[in-house]
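The values are calculated or read from the model by the stated rules, or taken from the named source; none is laboratory data. Quantities reported herein were computed from a predicted structural model and do not represent experimental measurements. A quick note on method: Cβ atoms are made from the backbone with ideal geometry, for glycine too, and the neighbour counts reach across all protein chains shown. Heads up: the accessible areas ignore ligands, DNA and RNA and are worked out on the full protein's heavy atoms, side chains in. Shrake-Rupley method; radii C 1.70, N 1.55, O 1.52, S 1.80 Å.
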Amino acid sequence: SAAEPGADGDRQAGVAWPYPRFSPVGAYGTPETNQVRDNLTGLIWARDASNACGLAAAATNWSAALQACNGLTYGGASDWRMPNAGELGSLLALQYHNPPLCNAAGTGKWTPDNPFHGVQNQYYWTSSTCAQDTTEAWAVFLSRGHRVAYKKETQFLNVWPVRGGGQ
């Protein structure tokens, strides 16, 4: 059946993914290889999604995660920050799950080290505060790809730093 005129299904808006979707920032063997460029968004992600901020098991409260990202030196760069909900969500390829990420080429499901390693099928903080309750911030569940608001100071979640783009 046809989509309602003017609805998302009617427009089929969007852009094709670049090939490859992700690429290393630096030459092999340099610190920059610990950074991965998203060729769709232009954002640069920490290759290590498990403890890139140097946090124990990468799980911490929101304030500590925010501070750790803002003070992070990793892969030869020092302008890291916590991604907002839209930025972290831009990594998702919802045709996959556990986690909903694609491989570096953008042609299949993510596998360890292609291009990221240490990806946890758990919740990751974003810098986006929940508008209904400012004591909460949005997190993305990297098992299924959905967002949930959690208490900033009492919930301990993972963090995946990003650099570049708008904040």
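What single numbered condition from (1) modelled with pLDDT of 95 or more; (2) at negative phi fails to hold for residue 106?
Of everything listed in (1) modelled with pLDDT of 95 or more; (2) at negative phi, residue 106 misses just condition (2).
Identify, please: which residue in the range 28-56 is under 26 Å from residue 93 (Cβ atoms) and free of Cβ contacts under 8 Å to residues at least 40 places away in the same chain and is, among those, nearest to the chain's Cα centre (by Cα)?
Looking at the filtered set, the residue picked out is 37.
So which of 52, 57, 3, 13 ends up being at pLDDT below 70, surrounded by 13 or more Cβ atoms within 10 Å (Cβ to Cβ) and not in a strand (DSSP E or B)?
52
How about the range 109-159: which of its residues are part of a loop (DSSP other than H, G, I, E, B), crowded, with 18+ Cβ neighbours inside 10 Å, modelled with pLDDT of 95 or more and touching a helix residue (DSSP H, G or I) at 6+ places or on another chain (Cβ under 8 Å)?
Passing the criteria: 152, 155.
Determine if the range 64-85 includes at least one residue that is aromatic (Phe, Trp, Tyr), open to solvent by less than 60 Å² (accessible area, probe 1.4 Å) and more than 11 Å from residue 159 (Cα to Cα).
If we filter the range 64-85 for residues that are aromatic (Phe, Trp, Tyr), which is where we start, we get 74, 80.
The next check asks that each one be open to solvent by less than 60 Å² (accessible area, probe 1.4 Å); those that pass are 74, 80.
Subset that is more than 11 Å from residue 159 (Cα to Cα): 74, 80.
So far as the range 64-85 goes, yes, one or more of its residues are aromatic (Phe, Trp, Tyr), open to solvent by less than 60 Å² (accessible area, probe 1.4 Å) and more than 11 Å from residue 159 (Cα to Cα).
Within the range 28-37, identify whether any single residue is closer than 29 Å to residue 136 by Cβ, assigned to a loop (DSSP other than H, G, I, E, B) and open to solvent by 10 Å² or more (accessible area, probe 1.4 Å), and answer yes or no.
No, there is no match, as no residue in the range 28-37 is closer than 29 Å to residue 136 by Cβ, assigned to a loop (DSSP other than H, G, I, E, B) and open to solvent by 10 Å² or more (accessible area, probe 1.4 Å).
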